[in-house]
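Encoded as structure tokens, the structure appears first; notes follow it.
Computed from the coordinates by the stated procedures, all read-outs in this text should not be read as laboratory data. Note that the coordinates shown come from a computational prediction; the quantities given were computed from them, not determined experimentally. Heads up, the Cβs are rebuilt from the backbone with ideal geometry, glycines too, and the neighbour counts pull from every protein chain shown.
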Amino acid sequence: MMDKWISNNTVAKVLALVVSILLWIMVHMDNNTLPMQSSASQVGTSVINDVQVQPYGFDEDKYVLKSIEPSTVSIEVRGTRPDLLPSDSYKAKVDLSQIKGPGTVSLPLITDTPASVQYVSSTPSVVKVTIEEKTSNAFVPEIVAQGEPAQGYQKGNPVVTDGTDKVSVTLPQSRLEDVQKVQGVISIAGATDTVSKTVALTVYDKSGNVMKDAIISPASVKVEVPIGAATRTLPLNLSYTGQLPNSLVLAGTEVSADEITVYGSESALAALGDSITASVDLSSIEQAGTVTLTAKLDLPAGTERVSPSSVQVKITTEEFSERVIQNVPIGLVGTGSNVEAVITKPQSKQVSLNIKGSPEALQAVKLEDIKATANISGRGPGTYTIPVQIVLPETVSLTDPGIKLNATVTITEKAGSTGSDSGTETDNGQSNGSSAAEEGEAQSGTGNPVPDSSNPEQPGSSTGTGSEQQPETPSAEGTQPESSAPPLSSTEPAQPVAPEEGTQQKQGSVNQNGETTTSAKAVFTTTYH
């Protein structure tokens, strides 16, 4: 019976199938068990090399990261082989938020590893971080005109028109010393008219390389390049209109351009003078400090335009200081050769003057810089009260420009003299024969003539030539009554003018010559950029 069942083909097939299934199950059970045992046996440690150290929390506006040593570290982790991911999954960080100043500090590493592995250690665990503070210097931007204008046209010099005379460059101190220039480039290729553009600025080192990490403020400037058929470039002069408050004097000016380019016909350009004048109105200044004013340029007759059409002027003012100059000798102008003239009042033949200006300008004034003269031209024998004309350096003026200074002069005829001609000025009041040309020279001194009602405290508003008061006409008897205003003498030195109510009295000191001065602040200067 069994033999028949086994020999049955169908039964044999079924048995073969069952055996095959059992064998398949046995094989797959072994495969699933062995890998699990193998993976468990491969848990261990691994070292991830060359992990880049990454800083964070850094104040990049104030400091620059000079170096991190070392810049890469090794991280040791524990885990199974499938969990050990590629090296870019591991991070090494250093926190710089607690750094308060430049220098070198040692800081611990902060590691960031995948969650499937366990952090063991890092080598090294501490890095040295060097921080350098950023500093700034001011540089004058150089503008380069690139290319050539159209044929038959000429180019003028590039001019910065927005009033930017200097820009600030910020870099680490060690690199700031390498800066050679700050430059902008404007293209004028093929231009037939004035080119105006906003030009980006670039910082170059001493090797001519661009310093890409430099911070420039402002990063760009407005530039104008004059283009025209006929041009002439002339120096710029400043003139002042309006008056400063009585308590202020000019301490300095800075002008955005020192030359002006004029366009027009050749005949019109040839008729121009030696300079172009820009007027600045000082009446808008109310208190001491620095302000920027726009000076307009008038178009000269017969010309087409000027470039730039206006300039920016930085005006610095300060409260004036005062000084008493004593023993200024009075000289006589216009003494004829047939007469003798003697100053009888003041007996010392000297005056004392109260002058005002910026402290350093006052300190620089010397006795020989001041002229005090009395003009007796055309007067015959007699006694006269003559106004004393004062000429000061341009940087100072009389504290009280309305003060009247007079000298009493007695003129007598020389014994046996005949005829008359002009003479020269004498410091002691005695006449010495001289030419009329010398007389004219004595009447026009260099500096600010005083008194002068056109705002004498403003240097630059005068042409520098003293204007003589007209001599009084002698009376029929040859003697003119003296003025009721008493002259100043060296025995009675002029006192500083008392401050008006509501103004501050300045603290003064007395030097070795007995002259009263106040504390020094600034010297009047004019600077072109």
- [ ] Could you work out how far apart the two model spin labels at Ser174 and Leu299 are, taking each label as a point 7 Å from the Cα in the direction of the beta carbon, and quote it in nm?
- [x] 5.8
Task: Projected label distance in nm at Ser196 and Asp274, using a 7 Å step from Cα toward the beta-carbon - done: 3.2
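Sorting check: for 234-244, 316-326, which peptide has the highest mean count of neighbouring beta carbons within 10 Å, and how do the rest follow? Could the numbers behind the result be given before it?
On the way: 234-244: 16.5, 316-326: 21.4.
Averaged packing, sorted descending, gives the order 316-326, 234-244.
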TODO: With a point put 7 Å past each Cα toward its Cβ, work out how far Gln363 is from Tyr119 in nm, to one decimal.
DONE: 6.4
TODO: In Å³ and rounded to a whole number, note down the convex hull volume per residue for the Cα atoms of the stretch 205-287.
DONE: 209
- [ ] Compute the length gained on full extension between Asp95 and Ala16: take 0.36 nm times their separation in residues and subtract their Cα-Cα distance, giving the result in nm to one decimal.
- [x] 21.3 nm
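Which FRET efficiency, nearest 0.05, do Thr233 and Thr130 yield, Cβ-Cβ r, R0 45 Å? Display every interim value, and only then the final one.
Values: r = 51 Å, r/R0 = 1.14.
So, using R0 = 45 Å, E works out to roughly 0.30.
Taking the Cα centre of the stretch 163-279 as the origin, how large is its charge dipole in debye, to the nearest 20, when only Lys and Arg (+1) and Asp and Glu (-1) carry charge on their Cβ atoms?
Values: 8 positive and 12 negative charges, 59 e Å.
Using Cβ point charges on Lys, Arg, Asp and Glu, the stretch 163-279 gives about 280 debye.
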Open item on the list: Distance between the C-alpha centers of the stretch 49-84 and the stretch 312-345? Whole Å please.
Closed with: 78
Open item on the list: Please compute, over every Cα-Cα pair in the stretch 44-133, the percentage with a separation greater than 19 angstrom.
Closed with: 42
Task: For the stretch 140-228, diffusion coefficient by Stokes-Einstein and Kirkwood Rh (Cα), 20 °C, 1.002 mPa s, µm²/s - done: 155
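Place a +1 charge on the Cβ of each Lys and Arg in the stretch 44-133 and a -1 charge on the Cβ of each Asp and Glu, then give the dipole magnitude about the Cα centre in debye, rounded to the nearest 20.
Values: 8 positive and 12 negative charges, 55 e Å.
For this selection, approximately 260 debye.
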TODO: Name all residues of the stretch 122-159 having a backbone nitrogen under 19 Å from the label point set 7 Å from the Cα of Thr104 along its Cα→Cβ direction, giving them as ranges.
DONE: 124-134
Task: Net dipole in debye of the stretch 201-348 [+1 Lys, Arg Cβ; -1 Asp, Glu Cβ; about Cα centre; nearest 20] - done: 80
